[in-house]
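Take a look at the structure below.
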Amino acid sequence: MTVDISSVALLEVQSGEFVEAALLDAIQEQQISDWDKLWAPALNEGLGRLTAALAPKSSWPQNLHWDWREKAAAMNGLLGNQGFSLVCDGVTQGLMAVDMVSHRCRLPEQQGKDLVYIEFLENAPWNRSELLFRPTKFRGVGTLLMVAAIQLSIEQGFKGRVGLHALPQSEEWYRQKCGMTDMGTDQRVQGLRYFEMTALQATAFIRKGDSR
Amino acid sequence: MAAAKKTMTLNLTDAEMAVLEDLCEKKDLSKTSVLRQALRLYQLVEARVEKGDKLFFEDEKTKQKAEIMML
């Protein structure tokens, strides 16, 4: 399988400069290795900072249990699943797994239509301010991965429609920054809130990014 | 970031074409997109059945389940 690589830009927080990054339409062994050997120790470092700062457990990352090796293996070879990786400075900065076949739109104006469903989206620990990295390394990882999901949706004929269940700590980002519609809690998915993006919302999100 | 594609000719009966066109209308998708989705779904079902999973349809209201026999 060939991997498509696009050139994108991330904001390096310390210098305030945009730096070149690579967006891959796959999660390869190198990404799993980065997650295992670089993300895990950084995550532990962040948890150490939270402990030292006496941060309440409620502010700790809610995706500590995510296992990208397992997720990549589950997607392997399935046409309905796709992984994405964002690489900068030779290191994986973000990962995303999407499903194109198992979910349907729920918003009344697009009910039953196909969409790209984001199963998991994660930023590298050193890019996450909630882990008390000061300053964080890169900004824009989540946005670029969301753009990749929208572009995939457009390529598949889904017109930019995207859906996901958000962890409580990410709800505000999907609601405010992404402009997705909050459809409330879903008891079938651990009581997580379900968010959906229409074609119009997708266009608005892309335009917002272009004007930055 | 679109993958390279290959072209094929597909011969369908009138009934099959009618179903395809109906799905295109209902799903707001092109014929190619509908067939891609069908292939993905078929592959997913095959992979799950091969693992020993069963395929069910459940009535949302009555919770009654009907198993689809995949032999």
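The values are calculated or read from the model by the stated rules, or taken from the named source; none is laboratory data. Given the structure is predicted, the values throughout are model-derived calculations rather than measurements. So basically every Cβ, Gly included, is an ideal-geometry build from the backbone, and we count neighbours across all protein chains shown. We work out accessible area using only protein heavy atoms, side chains counted, and drop any ligands, DNA or RNA first. Shrake-Rupley method; radii C 1.70, N 1.55, O 1.52, S 1.80 Å.
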- request: Run down A:TRP35, A:TRP66, A:TRP39 and say which single residue is outside any helix (DSSP H, G or I) and within 30 Å of A:SER7 (Cβ to Cβ).
  value: A:TRP66
- prompt: When you look at A:ALA74, is it open to solvent by 30 Å² or more (accessible area, probe 1.4 Å), within 14 Å of chain B (Cβ to nearest Cβ), in contact with a strand residue (DSSP E or B) (Cβ under 9 Å, 6 or more places away or on another chain) and assigned to a helix (DSSP H, G or I), yes or no?
  reply: yes
- prompt: Considering region A:86-99 alone, what residues qualify as being small (Gly, Ala, Ser), within 15 Å of A:LEU38 (Cα to Cα) and either within 12 Å of chain B (Cβ to nearest Cβ) or surrounded by 15 or more Cβ atoms within 10 Å (Cβ to Cβ) (or both)?
  reply: A:GLY94
Number of the condition not met by A:LEU64 [criteria: (1) under 15 Å from the mean Cα position of the chain (by Cα); (2) hydrophobic (A, V, I, L, M, F, W, C); (3) open to solvent by 70 Å² or more (accessible area, probe 1.4 Å); (4) within 14 Å of another protein chain (Cβ to nearest Cβ)]: (4)
field: Residue tally, condition surrounded by 10 or more Cβ atoms within 10 Å (Cβ to Cβ), within 10 Å of another protein chain (Cβ to nearest Cβ) and not β-branched (Val, Ile, Thr), over region A:1-16
entry: 2
- request: Would you point out the residue of region A:100-139, among those that are under 16 Å from A:LYS71 (Cβ atoms) and of a type in the set (Asp, Glu), that is farthest from the other protein chains (Cβ to nearest Cβ)?
  value: A:GLU122
- prompt: In region A:174-182, is there at least one residue being under 15 Å from A:ALA199 (Cα atoms) and of a type in the set (A, V, I, L, M)?
  reply: yes
field: Evaluation of A:GLN176 against (1) closer than 20 Å to A:LEU64 by Cβ; (2) surrounded by fewer than 16 Cβ atoms within 10 Å (Cβ to Cβ) (one fails), failing number
entry: (1)
statement: Residue hits (region A:100-135; open to solvent by 10 Å² or more (accessible area, probe 1.4 Å) and under 17 Å from the mean Cα position of the chain (by Cα)) are A:TYR117, A:GLU119, A:PHE120, A:LEU121, A:GLU122, A:ASN123, A:TRP126, A:ASN127, A:ARG128, A:SER129, A:GLU130
- prompt: Do we have A:LEU10 as outside any helix (DSSP H, G or I) and more than 26 Å from A:GLN151 (Cβ to Cβ) here?
  reply: no
message: Please go through region A:158-170 and give me each residue that is without any contact (Cβ under 8 Å) to a residue 60 or more places away in the chain, open to solvent by 20 Å² or more (accessible area, probe 1.4 Å) and either over 19 Å from A:GLY94 (Cβ atoms) or over 15 Å from the mean Cα position of the chain (by Cα) (or both), ordered by number.
response: A:LYS159
message: Yes or no: region B:43-65 includes at least one residue that is farther than 20 Å from A:ARG188 by Cβ, facing chain A (nearest Cβ under 9 Å) and exposed (fewer than 13 other Cβ atoms within 10 Å of the Cβ).
response: no
message: Checking the structure you have, find out if any residue of region A:157-176 is among the basic types (Lys, Arg), assigned to a helix (DSSP H, G or I) and on the phi < 0 side of the Ramachandran plot.
response: yes
statement: Scanning region B:1-39 for residues that are of a type in the set (D, E, K, R) and more than 9 Å from chain A (Cβ to nearest Cβ), the one nearest to A:VAL101 (Cα to Cα) turns out to be B:LYS31
- line: Counted residues in region B:27-71 being touching a Phe, Trp or Tyr at 6+ places or on another chain (Cβ under 6 Å) and of a type in the set (Gly, Ala, Ser) come to 1
- prompt: Of the conditions (1) within 14 Å of another protein chain (Cβ to nearest Cβ); (2) open to solvent by less than 20 Å² (accessible area, probe 1.4 Å); (3) not in a loop (DSSP other than H, G, I, E, B), A:VAL147 fails just one. Which one is it?
  reply: (2)
message: Criterion first (open to solvent by 70 Å² or more (accessible area, probe 1.4 Å), farther than 23 Å from A:GLU171 by Cα and touching a residue at least 12 places away in the same chain (Cβ under 8 Å)) does A:GLN31 satisfy it?
response: no
